[in-house]
1. Mind listing the phi-derived Karplus ³J(HN,Hα) values for the range 63-80, rounded to whole Hz, using 6.51, -1.76 and 1.60 with θ = phi - 60°, and x for any glycine or proline?
2. Can you pull the one-decimal nm distance between simple spin-label points at ASN76 and THR115, each 7 Å off the Cα toward Cβ?
3. At a 10 Å Cβ-Cβ cut-off, how would you order GLU34, GLU67, fewest neighbours first?
4. If you take every residue apart from ARG56 with its C-beta less than 10 Å away from the C-beta of ARG56, what net charge results, scoring Lys and Arg +1 and Asp and Glu -1?
5. Please compute the length gained on full extension between THR35 and TYR90, using 0.36 nm multiplied by the number of residues separating them and subtracting their Cα-Cα distance.
6. For an R0 of 41 angstrom, estimate the FRET efficiency from the Cβ-Cβ distance between VAL27 and ALA50 and round to the nearest 0.05.
7. When HIS49, HIS63 are ordered from fewest to most other Cβ atoms inside 10 Å of their Cβ, what list results?
8. So what are the ³J(HN,Hα) numbers for the range 39-51, from phi and the Karplus equation (6.51, -1.76, 1.60; θ = phi - 60°), rounded to whole Hz, Gly and Pro as x?
Amino acid sequence: MKTSFLSLCLLFLAACSALKPGADPLVIRAEQTETIAKSTFDATLGIDHADRGFWRTNAPAFHGFCEWLRVLQPINARGDTMPRASAMIYSLDVVKRDYQVSKSSSNAVYSAIATLLSAVNQATGWIMVATNNPH
């Protein structure tokens, strides 16, 4: 619970800070989302990893979500893979960098942010459930 609260506080503070002249708010939001996602996924997976047997038996939906985050996903045409949690962050980063070069695909960046935030929101919910569980 502390991690998700800290993540939300960091996102709030970052969203409220003034942008430097010339900074692109969409790029800043994408980078904030990547940072929050990494810490949230790390916290979620860390909780599960600390006692997978317990979570598999006593909170199978939570453990299932963590396993879903761990499933390897292709990230390029060469066939390289990453766990889904990392692949979603990587995907947003790729779309963000493409946008920075071309400035023409902001919808793709918004879509990638929304997709990643959806998974982050799920992870945050599971963190709350797992940390309030009398284990």
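1. Result, ordered by residue: 4, x, 4, 5, 4, 4, 5, 8, 4, 5, 10, x, 10, 7, 6, 6, x, 5 Hz.
2. 1.8 nm
3. Result, fewest neighbours first: GLU67, GLU34.
4. On the way: positive: ARG52; negative: ASP48, ASP51, GLU67.
My count for the surroundings of ARG56 gives -2.
5. Contour length minus Cα-Cα distance gives 18.7 nm.
6. Details: r = 35 Å, r/R0 = 0.85.
My answer for the efficiency is 0.70.
7. Ordered from fewest to most neighbouring Cβ atoms within 10 Å, HIS49, HIS63 come out as HIS49, HIS63.
8. 3J(HN,Hα) across the range 39-51, in whole Hz: 5, 5, 5, 4, 5, 4, 5, x, 4, 5, 5, 4, 7.
Quick note: the coordinates plus some simple rules give every number you see, no bench work behind them. Here the structure is a predicted model, which is why all the values come from computation and not from measurement. Note: ideal-geometry Cβ built from the backbone for every residue, glycine included; neighbour counts use all protein chains shown.
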